[in-house]
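The values are calculated or read from the model by the stated rules, or taken from the named source; none is laboratory data. Since this is a predicted model, take the numbers as computed values, not measurements. As a convention, Cβ positions derive from the backbone with ideal geometry for all residues, glycine included, and neighbour counts pool all protein chains shown.
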Amino acid sequence: MQVKETKLKGCFIIEPSIFGDERGYFFETFNKEKFKELTGKEIEFVQDNEAFSNRGVLRGLHFQKGEFAQAKLVRVVKGKVLDVVVDIRPNSKTYGEVFSCILSSENKKQLFVPRGFAHGYSVLEDHTVFVYKCDNFYQPKSEGGIIYNDEKLNINWMLSEKEIAISEKDKVLKTFNELEI
């Protein structure tokens, strides 16, 4: 397993060691001891989630506030997404900066999204299955978000505006400058 910190402190790309032969492949998706050794972070995941979507679906940018903030370990089981994180930690040197990467069933990369980040993804292939672990339980009253087409963030979601399918809830999220953390 290789772990590389992104330009956003505490946010890591994880590339698993894949063992394959004529029968298929095997890889470890998470190992608490190795994760701590390679990132310096001790984490206890309490919830796993899965989402199915077709090309054009955009989910995000979401986060949980306060005591219900969540760190996530995200990956794609089938298909391909552009995964996007935004540092929303007010005292961070990279506050307001964006990082994005392709996660797919082919590259098997994972992204560790620490607490204090907004997260979202655009689906680039039909029949995509996206899974993620959270270190805290979801609490509706603590959720927040940033509108996907925020002018300050200027995120290229790798989809045309006509292709984007977004929830009604996500269409009315606030801009980055309106954040209440």
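Tabulated data for the structure shown
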| quantity | calculated |
| --- | --- |
| In the stretch 120-129, the residues that are surrounded by fewer than 22 Cβ atoms within 10 Å (Cβ to Cβ) and under 24 Å from residue 45 (Cα atoms) | 129 |
| Number of positions in the stretch 143-181 that are of a type in the set (S, T, N, Q) and under 18 Å from the mean Cα position of the chain (by Cα) | 4 |
| Those residues of the stretch 153-181 which are of a type outside the set (A, V, I, L, M, F, W, C), in a loop (DSSP other than H, G, I, E, B), out of contact with any Gly (no Cβ under 8 Å at 6 or more places or on another chain) and on the phi < 0 side of the Ramachandran plot, in sequence order | 156, 160, 161, 162, 167, 175 |
| Counted residues, the stretch 131-143 - those being out of contact with any Asp or Glu (no Cβ under 7 Å at 6 or more places or on another chain) and either surrounded by fewer than 18 Cβ atoms within 10 Å (Cβ to Cβ) or assigned to a loop (DSSP other than H, G, I, E, B) (or both) | 8 |
| Selected residue (criterion: farthest from the chain's Cα centre (by Cα)) from residues of the stretch 9-43 that are over 24 Å from residue 137 (Cα atoms) and of a type in the set (A, V, I, L, M) | 18 |
| Selection status of residue 36, surrounded by 12 or more Cβ atoms within 10 Å (Cβ to Cβ) and free of Cβ contacts under 8 Å to residues at least 60 places away in the same chain | yes |
| Residue 8, sole failed condition from (1) in contact (Cβ under 8 Å) with a residue 12 or more places away in the chain; (2) in a strand (DSSP E or B) | (2) |
| Condition met for residue 20 (at pLDDT below 95 and either loosely packed, with under 14 Cβ neighbours inside 10 Å or in a strand (DSSP E or B) (or both)) | yes |
| Matching strands (runs of 3 or more DSSP E) fully within the stretch 42-124 where at least 1 residues are touching a residue at least 24 places away in the same chain (Cβ under 8 Å) and within 17 Å of residue 147 (Cβ to Cβ) | 58-64, 80-87, 98-104, 117-123 |
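A quick yes/no check of all residues on (1) over 27 Å from residue 1 (Cα atoms); (2) in contact with a Ser or Thr (Cβ under 7 Å, 6 or more places away or on another chain):
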site	(1), (2)
41	no, no
48	no, no
70	no, no
91	yes, no
94	no, no
97	no, no
132	no, no
141	yes, no
147	yes, yes
